[in-house]
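Presented below is the structure to which this report refers.
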Amino acid sequence: LAALAPFAADPTRTVATAPMGLVGFTRDYVADDALRPRVEAYARRLYAAQYRRLGWAPRAGVTEDGETKLLRESVIVFLATTGRDPAVRAEATRRARAYLGASDDGPLDDTAVSPELVDVALSIAMEEGDAALFDRLEKRFRGSADAVLRGRMLGALGGVRDPVLGERALRLSLDPALRVNEVLSTVGGQLSVPERRDAVWTWIQANYEPLSARIATTRAAD
(Lines give C-alpha, C1' and ligand atoms only; values in the text may rest on other atoms or scores of the structure.)
Protein backbone atom coordinates (compact mmCIF):
# COMPACT_ATOMS: atom_id res chain seq x y z
CA LEU A 1 0.00 0.00 0.00
CA ALA A 2 2.82 2.41 0.79
CA ALA A 3 4.09 2.01 -2.77
CA LEU A 4 0.86 3.50 -4.12
CA ALA A 5 1.59 7.09 -3.05
CA PRO A 6 3.46 8.17 -6.23
CA PHE A 7 0.63 6.87 -8.39
CA ALA A 8 -2.04 8.70 -6.40
CA ALA A 9 -0.14 11.98 -6.80
CA ASP A 10 0.17 11.71 -10.57
CA PRO A 11 -1.69 14.38 -12.58
CA THR A 12 -2.81 11.82 -15.17
CA ARG A 13 -6.27 10.51 -14.26
CA THR A 14 -5.75 6.87 -15.23
CA VAL A 15 -2.56 6.70 -13.16
CA ALA A 16 -3.88 8.67 -10.20
CA THR A 17 -7.02 6.57 -9.84
CA ALA A 18 -5.26 3.21 -10.22
CA PRO A 19 -4.73 2.70 -6.45
CA MET A 20 -8.37 3.35 -5.57
CA GLY A 21 -9.63 -0.13 -6.32
CA LEU A 22 -6.88 -1.81 -4.31
CA VAL A 23 -7.36 0.44 -1.29
CA GLY A 24 -11.12 0.01 -1.50
CA PHE A 25 -10.77 -3.77 -1.70
CA THR A 26 -8.42 -3.73 1.30
CA ARG A 27 -10.88 -1.69 3.32
CA ASP A 28 -13.94 -3.75 2.42
CA TYR A 29 -12.59 -7.30 2.27
CA VAL A 30 -9.16 -7.53 3.91
CA ALA A 31 -9.22 -5.25 6.95
CA ASP A 32 -11.15 -6.31 10.04
CA ASP A 33 -13.05 -3.89 12.28
CA ALA A 34 -9.86 -2.94 14.11
CA LEU A 35 -7.83 -2.26 10.96
CA ARG A 36 -10.51 -0.59 8.86
CA PRO A 37 -10.10 2.88 10.43
CA ARG A 38 -6.37 2.72 9.65
CA VAL A 39 -7.07 1.90 6.00
CA GLU A 40 -9.55 4.78 5.84
CA ALA A 41 -6.99 7.15 7.34
CA TYR A 42 -4.42 6.01 4.78
CA ALA A 43 -6.94 6.56 2.00
CA ARG A 44 -7.46 10.12 3.19
CA ARG A 45 -3.73 10.82 3.30
CA LEU A 46 -3.22 9.25 -0.10
CA TYR A 47 -5.49 11.72 -1.90
CA ALA A 48 -5.38 14.76 0.37
CA ALA A 49 -3.06 16.67 -1.98
CA GLN A 50 -5.18 15.89 -5.03
CA TYR A 51 -8.28 17.07 -3.18
CA ARG A 52 -6.61 20.32 -2.17
CA ARG A 53 -5.53 20.88 -5.76
CA LEU A 54 -8.85 20.04 -7.38
CA GLY A 55 -11.44 21.13 -4.83
CA TRP A 56 -15.11 20.87 -5.73
CA ALA A 57 -14.98 23.18 -8.72
CA PRO A 58 -12.46 24.85 -11.05
CA ARG A 59 -10.83 27.99 -9.74
CA ALA A 60 -12.05 31.25 -11.21
CA GLY A 61 -10.65 31.87 -14.67
CA VAL A 62 -9.34 28.31 -15.06
CA THR A 63 -10.54 26.24 -18.01
CA GLU A 64 -10.50 22.50 -17.36
CA ASP A 65 -10.58 19.53 -19.68
CA GLY A 66 -12.80 16.50 -19.24
CA GLU A 67 -10.04 14.39 -17.71
CA THR A 68 -9.61 16.86 -14.85
CA LYS A 69 -13.34 16.84 -14.13
CA LEU A 70 -13.36 13.05 -14.11
CA LEU A 71 -10.36 12.99 -11.78
CA ARG A 72 -12.07 15.41 -9.40
CA GLU A 73 -15.15 13.20 -9.34
CA SER A 74 -13.09 10.07 -8.63
CA VAL A 75 -11.11 11.72 -5.84
CA ILE A 76 -14.19 13.12 -4.11
CA VAL A 77 -16.12 9.85 -4.37
CA PHE A 78 -13.13 7.91 -3.05
CA LEU A 79 -12.52 10.24 -0.11
CA ALA A 80 -16.21 10.40 0.78
CA THR A 81 -16.79 6.64 0.64
CA THR A 82 -13.59 4.64 1.07
CA GLY A 83 -11.80 7.31 3.11
CA ARG A 84 -14.92 8.43 5.01
CA ASP A 85 -13.32 11.88 5.13
CA PRO A 86 -15.38 14.06 7.52
CA ALA A 87 -14.57 17.32 5.75
CA VAL A 88 -15.41 15.94 2.30
CA ARG A 89 -18.64 14.40 3.58
CA ALA A 90 -19.62 17.64 5.30
CA GLU A 91 -19.02 19.62 2.13
CA ALA A 92 -20.98 17.09 0.09
CA THR A 93 -23.90 17.43 2.49
CA ARG A 94 -23.77 21.22 2.41
CA ARG A 95 -23.75 21.32 -1.37
CA ALA A 96 -26.53 18.73 -1.68
CA ARG A 97 -28.82 20.70 0.61
CA ALA A 98 -28.06 23.88 -1.33
CA TYR A 99 -28.77 22.03 -4.58
CA LEU A 100 -32.22 21.01 -3.34
CA GLY A 101 -33.15 24.66 -3.04
CA ALA A 102 -34.92 26.71 -0.43
CA SER A 103 -38.21 24.86 -0.82
CA ASP A 104 -39.36 21.48 -2.05
CA ASP A 105 -41.49 23.08 -4.75
CA GLY A 106 -38.94 25.62 -5.95
CA PRO A 107 -36.20 25.25 -8.54
CA LEU A 108 -33.07 23.26 -7.91
CA ASP A 109 -29.90 25.28 -7.50
CA ASP A 110 -27.66 23.97 -10.28
CA THR A 111 -24.86 26.32 -9.21
CA ALA A 112 -24.43 24.56 -5.86
CA VAL A 113 -22.61 21.53 -7.25
CA SER A 114 -21.19 20.46 -10.61
CA PRO A 115 -23.40 18.06 -12.61
CA GLU A 116 -20.88 15.20 -12.31
CA LEU A 117 -20.86 15.57 -8.50
CA VAL A 118 -24.60 15.78 -7.84
CA ASP A 119 -24.97 12.02 -7.34
CA VAL A 120 -22.23 11.69 -4.74
CA ALA A 121 -23.34 14.86 -2.94
CA LEU A 122 -26.92 13.62 -2.63
CA SER A 123 -25.85 10.12 -1.59
CA ILE A 124 -23.53 11.33 1.15
CA ALA A 125 -26.08 13.85 2.37
CA MET A 126 -28.67 11.08 2.67
CA GLU A 127 -26.23 8.80 4.49
CA GLU A 128 -25.69 11.62 6.99
CA GLY A 129 -29.29 12.82 6.87
CA ASP A 130 -32.57 12.13 8.61
CA ALA A 131 -36.26 11.51 7.88
CA ALA A 132 -36.77 15.15 6.92
CA LEU A 133 -34.15 14.92 4.17
CA PHE A 134 -35.58 11.58 3.04
CA ASP A 135 -38.95 13.30 2.70
CA ARG A 136 -37.42 16.12 0.64
CA LEU A 137 -35.73 13.73 -1.78
CA GLU A 138 -38.83 11.60 -2.11
CA LYS A 139 -40.97 14.66 -2.80
CA ARG A 140 -38.52 15.83 -5.47
CA PHE A 141 -38.64 12.37 -7.03
CA ARG A 142 -42.42 12.22 -7.08
CA GLY A 143 -42.72 15.72 -8.52
CA SER A 144 -40.43 15.14 -11.49
CA ALA A 145 -40.82 13.40 -14.83
CA ASP A 146 -37.13 13.84 -15.65
CA ALA A 147 -35.44 10.44 -15.75
CA VAL A 148 -32.02 11.76 -14.68
CA LEU A 149 -33.36 13.65 -11.66
CA ARG A 150 -35.57 10.74 -10.63
CA GLY A 151 -32.59 8.40 -10.85
CA ARG A 152 -30.48 10.69 -8.71
CA MET A 153 -33.11 10.92 -6.01
CA LEU A 154 -33.76 7.18 -5.96
CA GLY A 155 -30.04 6.46 -5.88
CA ALA A 156 -29.60 8.62 -2.80
CA LEU A 157 -32.68 7.19 -1.09
CA GLY A 158 -31.52 3.64 -1.76
CA GLY A 159 -28.15 4.19 -0.09
CA VAL A 160 -29.55 5.30 3.27
CA ARG A 161 -28.00 3.50 6.24
CA ASP A 162 -30.57 4.13 8.94
CA PRO A 163 -32.60 0.89 9.25
CA VAL A 164 -35.97 2.64 9.63
CA LEU A 165 -35.38 4.80 6.58
CA GLY A 166 -33.95 1.74 4.83
CA GLU A 167 -37.29 -0.01 5.22
CA ARG A 168 -38.98 3.01 3.68
CA ALA A 169 -36.57 2.84 0.76
CA LEU A 170 -37.41 -0.83 0.23
CA ARG A 171 -41.15 -0.21 0.35
CA LEU A 172 -40.72 2.51 -2.23
CA SER A 173 -39.73 -0.15 -4.78
CA LEU A 174 -43.32 -1.44 -4.71
CA ASP A 175 -44.85 2.01 -5.21
CA PRO A 176 -46.81 2.35 -8.48
CA ALA A 177 -45.15 5.74 -8.98
CA LEU A 178 -41.93 3.96 -9.96
CA ARG A 179 -41.34 3.16 -13.60
CA VAL A 180 -40.42 -0.42 -14.49
CA ASN A 181 -36.74 0.44 -14.90
CA GLU A 182 -36.73 2.17 -11.48
CA VAL A 183 -38.19 -0.63 -9.38
CA LEU A 184 -34.90 -2.19 -8.31
CA SER A 185 -33.09 1.10 -7.69
CA THR A 186 -33.67 1.31 -3.96
CA VAL A 187 -33.39 -2.46 -3.47
CA GLY A 188 -30.00 -2.49 -5.15
CA GLY A 189 -28.94 0.53 -3.15
CA GLN A 190 -29.84 -1.14 0.12
CA LEU A 191 -28.00 -4.31 -0.87
CA SER A 192 -24.86 -2.21 -1.32
CA VAL A 193 -24.98 -1.20 2.35
CA PRO A 194 -23.12 -4.03 4.15
CA GLU A 195 -24.93 -3.72 7.47
CA ARG A 196 -28.30 -3.84 5.73
CA ARG A 197 -27.81 -6.91 3.53
CA ASP A 198 -29.31 -9.54 5.84
CA ALA A 199 -32.40 -7.42 6.47
CA VAL A 200 -32.76 -6.65 2.76
CA TRP A 201 -32.53 -10.32 1.82
CA THR A 202 -35.24 -11.13 4.35
CA TRP A 203 -37.40 -8.37 2.89
CA ILE A 204 -36.87 -9.59 -0.67
CA GLN A 205 -37.93 -13.10 0.27
CA ALA A 206 -41.04 -11.78 2.01
CA ASN A 207 -41.97 -9.50 -0.90
CA TYR A 208 -40.75 -11.53 -3.84
CA GLU A 209 -44.15 -11.96 -5.51
CA PRO A 210 -45.20 -8.29 -5.60
CA LEU A 211 -41.65 -7.27 -6.47
CA SER A 212 -41.30 -9.73 -9.34
CA ALA A 213 -44.71 -8.67 -10.66
CA ARG A 214 -43.34 -5.14 -11.18
CA ILE A 215 -40.31 -6.06 -13.26
CA ALA A 216 -39.48 -7.99 -16.41
CA THR A 217 -39.66 -11.78 -16.10
CA THR A 218 -36.01 -12.25 -17.03
CA ARG A 219 -34.83 -9.84 -14.34
CA ALA A 220 -37.04 -11.47 -11.74
CA ALA A 221 -35.46 -14.82 -12.55
CA ASP A 222 -31.99 -13.34 -12.15
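The values are calculated or read from the model by the stated rules, or taken from the named source; none is laboratory data. From a predicted model like this one, the values you see are computed outputs, not experimental measurements. Note that each Cβ is placed from the backbone with ideal geometry, even for glycine, and that neighbours are counted across all protein chains shown. Surface areas here come from the heavy atoms of the whole protein model, side chains and all, with no ligands, DNA or RNA. Shrake-Rupley method; radii C 1.70, N 1.55, O 1.52, S 1.80 Å.
The alpha carbons of the stretch 8-47 stretch over 33, 17, 6 Å along the principal axes, in descending order. For trypsin sites (Lys or Arg not before Pro), the sites in the stretch 120-218 that DSSP calls loop and that have at most 16 other Cβ atoms within 10 Å are 161, 179.
About the Cα centre of the stretch 129-217, how large is the charge dipole given +1 on each Lys and Arg Cβ and -1 on each Asp and Glu Cβ? Please answer in debye to the nearest 20.
260 debye
Two tests apply to each whole DSSP H helix in the chain, Cα reach of 18 Å or more along its axis and mean Kyte-Doolittle hydropathy of at least 0.5, and the ones passing both are 66-81. Note on the chain: the C-alpha convex hull projects to 13.6 nm² when averaged across all orientations. Between the listed residues 101, 71, 114, the Cα displaced farthest toward the positive end of the dipole of the stretch 1-143, a dipole computed from Cβ unit charges relative to the Cα centre, is found at 71. Summary value for the stretch 114-212: 23 percent relative contact order, contacts being C-alpha pairs under 8 angstrom separated by 6+ residues. What the chain shows is 52 Å² of accessible area per residue, with the surface traced by a 1.4 Å probe over protein heavy atoms. When the Cα positions of 92, 41, 212 are compared along the charge dipole of the chain, 41 comes out farthest toward the positive end, with charges on each C-beta of Lys, Arg, Asp and Glu.
Taking the Cα centre of the stretch 71-222 as origin, sum charge times position over the Cβ atoms of Lys and Arg (+1) and Asp and Glu (-1), and report the length of that vector in debye to the nearest 20.
Computed charge dipole of the stretch 71-222: roughly 120 debye.
Grouping the Cα pair distances of the stretch 58-157 into 10 Å bins from zero gives a pair-distance distribution of 15, 48, 29, 8 percent in increasing distance order.
In a simple Cβ point-charge model (Lys, Arg +1; Asp, Glu -1; nothing else charged), the stretch 3-148 has a dipole of about 520 debye relative to its Cα centre. Taking the alpha carbon gyration tensor of the stretch 91-222, multiplying each eigenvalue by 5 and rooting it gives semi-axes of 26, 16, 12 Å, largest first.
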